[in-house]
Amino acid sequence: MTKRVNVLLRPWACLAAGALMLVSGAATALQDPTRPPGLESRAGAPAPARPVSLDSILYSRDRRIAIIEGEALREGQGIDSMRVIRIYQNRVLVTDNGRERVLYLEKLPQVRGTQ
């Protein structure tokens, strides 16, 4: 009996699989005729992060201030499209155009002392 059912259902299964392939292929082939060519590749690429200078960090038990681009900012404050989320002793977590970034202090050049 199961052999008979398999023989009867095999053509229907092949027909259903073929119809599913046709429907999925037709959906991907449809495109907006008013869209300029080449837009698909540029839409997914994120904009490059702009250079931002972290000038200084003032960190104590009572207050935390980051000097970014010459502006003194506390947690929650921002300039342009950048907002300070958290200030640590050696770095600052910010959002820049909706993306999280970590700003680090630049290392100071090593100066040799005289003996």
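Assess whether residue 70 counts as being surrounded by 14 or more Cβ atoms within 10 Å (Cβ to Cβ) and closer than 16 Å to residue 50 by Cβ. No; evaluated as a whole, the condition is false for this residue.
Assigned to a helix (DSSP H, G or I), exposed (fewer than 10 other Cβ atoms within 10 Å of the Cβ) and either of a type in the set (Gly, Ala, Ser) or at pLDDT 90 or above (or both): does that describe residue 76? Give the steps one after another, and end with the answer.
On the way: assigned to a helix (DSSP H, G or I): no; exposed (fewer than 10 other Cβ atoms within 10 Å of the Cβ): yes; either of a type in the set (Gly, Ala, Ser) or at pLDDT 90 or above (or both): yes.
The answer is no for residue 76.
Within the stretch 86-108, if we keep just the residues that are in a loop (DSSP other than H, G, I, E, B) and charged (D, E, K, R), the residue that is nearest to the chain's Cα centre (by Cα) turns out to be 106.
The values are calculated or read from the model by the stated rules, or taken from the named source; none is laboratory data. These numbers were taken from a predicted model, which means no experiment stands behind them. Every residue, glycine as well, gets a Cβ built from its backbone with ideal geometry; the counts of neighbours run over all protein chains shown.
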